1. From the residues in segment A:278-309 that are open to solvent by less than 60 Å² (accessible area, probe 1.4 Å) and more than 25 Å from the chain's Cα centre (by Cα), which one is nearest to A:D261 (Cα to Cα)?
2. Restricting segment A:324-348 to residues that are within 22 Å of B:C148 (Cα to Cα), away from chain B (no Cβ under 11 Å) and among the charged types (D, E, K, R), which is surrounded by the fewest Cβ atoms within 10 Å (Cβ to Cβ)?
3. Can you tell me which residues in segment A:59-109 are outside the structural domain of A:A143 (by TED's automatic domain parsing) and farther than 27 Å from B:E102 by Cα?
4. Can you spot a residue in segment A:134-144 that is open to solvent by 20 Å² or more (accessible area, probe 1.4 Å), within 14 Å of another protein chain (Cβ to nearest Cβ), on the phi < 0 side of the Ramachandran plot and not in a loop (DSSP other than H, G, I, E, B)?
5. Checking A:P7 against (1) in a helix (DSSP H, G or I); (2) buried (at least 16 other Cβ atoms within 10 Å of the Cβ), which single condition isn't satisfied?
6. Are any residues in segment B:193-229 aliphatic (A, V, I, L, M), part of a loop (DSSP other than H, G, I, E, B) and at pLDDT below 95, and if so, which ones?
7. Given the condition under 27 Å from the mean Cα position of the chain (by Cα), farther than 26 Å from B:S233 by Cα and either open to solvent by 90 Å² or more (accessible area, probe 1.4 Å) or not assigned by TED's automatic domain parsing to the domain that holds B:E308 (or both), answer yes or no: does some residue in segment B:17-35 qualify?
8. Considering each of A:A85, A:A95, A:A70 in turn, give the residue that is touching a His at 6+ places or on another chain (Cβ under 9 Å), open to solvent by less than 50 Å² (accessible area, probe 1.4 Å) and aliphatic (A, V, I, L, M).
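The values are calculated or read from the model by the stated rules, or taken from the named source; none is laboratory data. These figures come from a predicted structure and were not determined experimentally. So basically every Cβ, Gly included, is an ideal-geometry build from the backbone, and we count neighbours across all protein chains shown. Just the protein is used for accessible areas: all its heavy atoms, side chains included, with ligands, DNA and RNA removed. Shrake-Rupley method; radii C 1.70, N 1.55, O 1.52, S 1.80 Å.
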2 protein chains.
Amino acid sequence: MNKIYNPKREDWEELLKRPTQTVSDIESTVNKIFTEVQGFGDAILLKYTQEFDGVALDAIQVTENEIRQAAASVSTELKNAIAAAKQNIEVFHKAQKTEKVEVETAPGVLCWQEKRPIQKVGLYIPGGSAPLFSTILMLAVPANIAGCTEVVLCTPPNHEGKIHPAILYTAALCGVTQIFKIGGIQAIAGMTFGTESIPQVYKIFGPGNQYVTVAKQIATKHGVAIDMPAGPSELLVMADDSANASFVAADLLSQAEHGVDSQVILVSTSRNIIDEVEKEIEKQIAQLPRKNIAEKAIANSRLIYITEIQTAIDLINEYSPEHYILCVGNEDEYLNQIINDFIIKINK
Amino acid sequence: MNKIYNPKREDWEELLKRPTQTVSDIESTVNKIFTEVQGFGDAILLKYTQEFDGVALDAIQVTENEIRQAAASVSTELKNAIAAAKQNIEVFHKAQKTEKVEVETAPGVLCWQEKRPIQKVGLYIPGGSAPLFSTILMLAVPANIAGCTEVVLCTPPNHEGKIHPAILYTAALCGVTQIFKIGGIQAIAGMTFGTESIPQVYKIFGPGNQYVTVAKQIATKHGVAIDMPAGPSELLVMADDSANASFVAADLLSQAEHGVDSQVILVSTSRNIIDEVEKEIEKQIAQLPRKNIAEKAIANSRLIYITEIQTAIDLINEYSPEHYILCVGNEDEYLNQIINDFIIKINK
């Protein structure tokens, strides 16, 4: 891993560069596929699925029968784990529901604000190397609590034209109404315009590689809303002397193994922690089933030592990671100065 | 005005077409100006201000002295009206503040969701034919309640290089921290990249013509968030037999006079109301100070008769107007079936 000590402010931009192509590099490919999907629908989805996923599908939509078979093949242990996660996510999102806000600003002038479910939403679940049923839980559970009536899911098939059983089981459990074996740019295009099989949706949620991310951004030009440009996955861990190096290494590896274009960064005010985490990563990575992926992502990653806490906070805000883990004694000092949307975890 | 009776469903798309160019028509202009502003900063802002607004500015930023002079020239009557509006808007937005949501999903696992102000926000206020100080109130008041620390405002200058005094007075009153005499695509580019004068912001708010709207959409590709693509202005009024035709006409004209590319639509289950509103529009438009603008917008507009309420609701959802006014006896039937983000007003 690259170790950097007290980088100069003028070098931050280069140092924090994400290992992705820019929108403009990918945009022409996205525009081409969007135009084709708008014009030719399912036929072109099948063509691209053959080209990109290496499988000639007969049908795009997952059948009831496939869902039943999948449910039968998921172990009871995994089902229990999924049920526990679902329960936790439900508790969290139900607590976020708000009532209608009503105010009489002047006699007879009643103003109100209320939230309505979006009727038709699309969920994108990346496929390939790991079944992200956790993402289904985190997207479909709030969609159900909100009351969305149509929840469409697209995910790429494997070389046999199949979806991982845990994906199908979780999707059915969480009230997804239709599942399609389509991935990548063509899936986002399908949900943007609608095809013979895939319904057009009003908002698309979910992570993806850089092609999916740019496709989602282009979708907004065609009147579809998106949650956010969410990929590739990235994590920044801030750790001081109080941190457990083994936990920090495990956290970094948990994102690194997402994909070869994932990026993980450790920022620390402790030289000792940087050295310890480096050793722990070497030790733990050897045992990972997804070692090959994690190793490539780790090659893109950085261990950054910064003496001053305030400088570390400034650098973290400049980078604005998708996921941010705090392993520090004084987490409030860090939390109070966050200026962007972060998904935060505090490990004590 | 165009009167249409029970249009067929297959004609809705054409009928509800907005009088705007598409993103792709405008995109190359926007990309060119974005690249130039990114490279040349203030110098290019001054060049485009001369080209589009017809004035050679010495300085981009409005001075304290200009703000003081503006405040002195706004009438007490207008100041009182602005104060009353500010008070109403404050009451409404303060009621929307939410507390931190905390949930212990499992023993020792404390999850929370909280909202933080966005530190640096940019407000775009269209210029030209009418001083939209109402828009400043609606954007800057919530920014202050949220606690945004930097609130930057861009608005185009007139041919004398000046901003309407009511704009400057309202901006200062609502805690805008810096005001710049820059409009159009170049203003959005300036707030997206930052220049020598204009600070880079994290999110841009506010309406604009179609060039500004596309510029905001392109800004999202450069890492800046936007509120929504909000222009040109549009209004749909739904009126039944219980409506007051004079009020309906006044409401339609109030949006029509926003700009020549505004679009207003009346949908009614009453042929009588359609005829009455048409007459009222002819009568009222003759007396409008902004008659020339309203007349052009009215030419783009439609009076649509639909027999069945459910069909009317479907058509309204298909169009999804920015502003929606209900002048009906049974407003709940309409309200309950809204499926998109609408700004709604009920006139009884």
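1. Taking segment A:278-309 first, the residues open to solvent by less than 60 Å² (accessible area, probe 1.4 Å) are A:278, A:280-281, A:284-285, A:288, A:290, A:293-294, A:297-298, A:300-306, A:309.
If we keep only those that are more than 25 Å from the chain's Cα centre (by Cα) as well, we get A:278, A:280, A:305-306, A:309.
Numbers: A:E278: 20, A:E280: 21, A:Y305: 23, A:I306: 25, A:I309: 29 Å.
Going through the qualifying residues, I end up with A:E278.
2. Restricting attention to segment A:324-348, the residues satisfying the condition of being within 22 Å of B:C148 (Cα to Cα) are A:332-344.
Imposing the further condition that a residue be away from chain B (no Cβ under 11 Å) reduces the set to A:332-334.
Still in the running and among the charged types (D, E, K, R): A:332-333.
Numbers: A:D332: 10, A:E333: 13.
By that ranking, first place goes to A:D332.
3. A:E104, A:T105, A:A106, A:P107, A:G108, A:V109
4. yes
5. (1)
6. Result: B:V224, B:M228.
7. Taking segment B:17-35 and keeping what is under 27 Å from the mean Cα position of the chain (by Cα), we get B:17-35.
If we keep only those that are farther than 26 Å from B:S233 by Cα as well, we get B:35.
Narrowing the set further to residues that are either open to solvent by 90 Å² or more (accessible area, probe 1.4 Å) or not assigned by TED's automatic domain parsing to the domain that holds B:E308 (or both) leaves B:35.
Yes, segment B:17-35 has at least one match.
8. Values: A:A85 fails: touching a His at 6+ places or on another chain (Cβ under 9 Å); A:A95 fails: touching a His at 6+ places or on another chain (Cβ under 9 Å).
Matching residue, one of A:A85, A:A95, A:A70: A:A70.
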